[in-house]
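Participant: The structure's right below; bear with me while I get my questions together.
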Amino acid sequence: TSSKNVGDQVNYEITGIDPGAGLMKSTEKAMKDYGLKKDWTLKEGSAAAMTAELKKAYEKKEPIIVTGWTPHWMFSKYDLKYLKDPKGSYGKGESIHTLTKKGFKQENPGANKILDHFFWKPSDMEEVMVDVQDGAQPEKAAAKWVKSHKQEVGKWTKGAQKGNGKEVKLVYVAWESEIASTNVVAKVLEQQGYKVKLQQVEAGPMFAGVADGSADAMVAAWLPTTHKDYYNKYKGKFEDLGPNLKGTKLGLTVPKYMPIDSIEDLKK
Ligand code: PBE
């Protein structure tokens, strides 16, 4: 394979995820920035399909280029590297923010307080993600994390009134990172007496739901770059409770056995 260039080896294809993901927009931008639009295609699918293809290729030591992000279990399961992005198409490290619908603080001050206090580290999120990847039900993995991190959870719930059956509707997208965070927050709210409804949607409807009030909250806004378009579209129609995690990363990701290091290497 070494006689062929990387593009030929992977059919000039980058394995993407769901079309609504900010990562797909950033990748389109990267393809433009690095002059790859003419030869390369970005394949749409889902986060789960992407990791399935990565697994298949990795096990055979075949070349593959995927759209990746951190926190993600794939970096602990496989030896991977981000391709360098000297033009900065993917932006810098980001934070993940919690958003609620307008008026949620008045309507449900206890749940709002817990959501406002919710903050954890990339390694925490990864712990839950790895468990899910290893076959645990997201709910179970979340419960396990909550049980073994009483101190952190205690900070989130401190001073918050109990739910007494009050309903909280959370929307999320089936990205592994967001499956983890949303289930953990749901578990904590449930333990405080709230009745939590989880609704899995696409990225656009997730933001729209919080903006039009059909959902109470989401913990999945990647800012300032990845979800900039959604954020600006609905600005003023939601409350931004600030970061629940700091230090994410996005970019083109390849197995370490591939002989390329930079997005620039994809240009033939
Ligand atoms: N992600 C995971 C999402 C945000 C969370 C990086 C795949 C996205 O690109 O929109």
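The values are calculated or read from the model by the stated rules, or taken from the named source; none is laboratory data. Values in this document were obtained by computation on a predicted structure and should not be read as measured data. We place every Cβ from the backbone using ideal geometry, glycine too, and count neighbours over all the protein chains shown. Ligands, DNA and RNA are stripped out before the accessible areas are found, and what is left, the full protein with its side chains, is counted by its heavy atoms. Shrake-Rupley method; radii C 1.70, N 1.55, O 1.52, S 1.80 Å.
Participant: Can you tell me which residue in region 40-66 is nearest to the ligand (Cβ to nearest atom), limited to those that are in a helix (DSSP H, G or I) and open to solvent by less than 40 Å² (accessible area, probe 1.4 Å)? First the steps, then the outcome.
Facilitator: Step one: list which residues in region 40-66 are in a helix (DSSP H, G or I), which gives 47-59.
From the residues that got through so far, the ones that are open to solvent by less than 40 Å² (accessible area, probe 1.4 Å) too are 47, 50-51, 54, 57.
Numbers: 47: 6, 50: 9, 51: 11, 54: 14, 57: 19 Å.
Among residues in region 40-66 that are in a helix (DSSP H, G or I) and open to solvent by less than 40 Å² (accessible area, probe 1.4 Å), the one nearest to the ligand (Cβ to nearest atom) is 47.
Participant: Follow-up question, since we're still on this one. Of all the strands (runs of 3 or more DSSP E) wholly in region 160-261, which have at least 3 residues that are at pLDDT 95 or above and not hydrophobic (A, V, I, L, M, F, W, C)?
Facilitator: Working: elements: 167-172, 195-200, 217-223, 238-246, 249-255.
Qualifying strands (runs of 3 or more DSSP E): 167-172, 195-200, 238-246, 249-255.
Participant: Can you pull out the helices (runs of 4 or more DSSP H) entirely within region 85-133 that have at least 1 residues that are touching a Lys or Arg at 6+ places or on another chain (Cβ under 7 Å), modelled with pLDDT of 95 or more and farther than 30 Å from residue 32 by Cα? Show your work before the answer.
Facilitator: On the way: elements: 104-107, 109-117, 122-133.
Of the helices (runs of 4 or more DSSP H) lying wholly inside region 85-133, those with at least 1 residues that are touching a Lys or Arg at 6+ places or on another chain (Cβ under 7 Å), modelled with pLDDT of 95 or more and farther than 30 Å from residue 32 by Cα span 109-117, 122-133.
Yes/no per residue for (1) of a type outside the set (Val, Ile, Thr); (2) surrounded by 15 or more Cβ atoms within 10 Å (Cβ to Cβ); (3) farther than 20 Å from residue 224 by Cα:
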site: 72; (1), (2), (3): yes, yes, no
site: 83; (1), (2), (3): yes, yes, yes
site: 91; (1), (2), (3): yes, yes, no
site: 108; (1), (2), (3): yes, yes, yes
site: 112; (1), (2), (3): yes, yes, yes
site: 123; (1), (2), (3): yes, no, yes
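Participant: Which of the numbered conditions does residue 78 fail, given that it passes all the others? Conditions: (1) under 15 Å from residue 244 (Cβ atoms); (2) surrounded by fewer than 20 Cβ atoms within 10 Å (Cβ to Cβ); (3) aromatic (Phe, Trp, Tyr).
Facilitator: Just one mismatch for residue 78, condition (1).
Participant: Cβ contacts < 6 Å: first residue open to solvent by 20 Å² or more (accessible area, probe 1.4 Å), restricted to region 166-185; second residue among the aromatic types (Phe, Trp, Tyr) and more than 11 Å from the ligand (Cβ to nearest atom), any location; separation 6+ or different chain. Result?
Facilitator: Correct list of pairs: 166/194.
Participant: For region 193-209, check the following and say yes or no: at least one residue is within 20 Å of residue 20 (Cα to Cα) and more than 17 Å from the chain's Cα centre (by Cα). I'd like the intermediate steps shown before the answer.
Facilitator: Let us first name the residues in region 193-209 that are within 20 Å of residue 20 (Cα to Cα), namely 198-209.
In the following step, the residues that additionally are more than 17 Å from the chain's Cα centre (by Cα) were identified as 208-209.
The answer is yes; a qualifying residue exists.
Participant: For region 8-39, enumerate the residues that are more than 10 Å from the ligand (Cβ to nearest atom), in a loop (DSSP other than H, G, I, E, B) and either open to solvent by 10 Å² or more (accessible area, probe 1.4 Å) or among the polar types (S, T, N, Q) (or both). Steps first, please.
Facilitator: So the first thing to find is which residues in region 8-39 are more than 10 Å from the ligand (Cβ to nearest atom), and the list is 8-15, 19, 28-39.
Narrowing further to those that are in a loop (DSSP other than H, G, I, E, B): 10-12, 19, 34-39.
Correct list: 10, 11, 12, 19, 34, 35, 37, 38, 39.
Participant: Exactly one condition in (1) out of contact with any Phe, Trp or Tyr (no Cβ under 9 Å at 6 or more places or on another chain); (2) within 15 Å of the ligand (Cβ to nearest atom) is false for residue 175; which is it?
Facilitator: Among (1) out of contact with any Phe, Trp or Tyr (no Cβ under 9 Å at 6 or more places or on another chain); (2) within 15 Å of the ligand (Cβ to nearest atom), residue 175 violates only (1).
Participant: Now for a separate question. The conditions are (1) in a strand (DSSP E or B); (2) within 25 Å of residue 125 (Cα to Cα), and residue 72 fails exactly one of them. Which is it?
Facilitator: Checking residue 72 against (1) in a strand (DSSP E or B); (2) within 25 Å of residue 125 (Cα to Cα), the one that fails is (1).
Participant: Evaluate region 138-146: report whether one residue or more is open to solvent by 10 Å² or more (accessible area, probe 1.4 Å) and on the phi > 0 side of the Ramachandran plot. Reasoning before the result, please.
Facilitator: Pass one, region 138-146, residues open to solvent by 10 Å² or more (accessible area, probe 1.4 Å): 138-140, 143-144.
Checking which are on the phi > 0 side of the Ramachandran plot leaves us with none.
Looking through region 138-146, none of the residues is open to solvent by 10 Å² or more (accessible area, probe 1.4 Å) and on the phi > 0 side of the Ramachandran plot.
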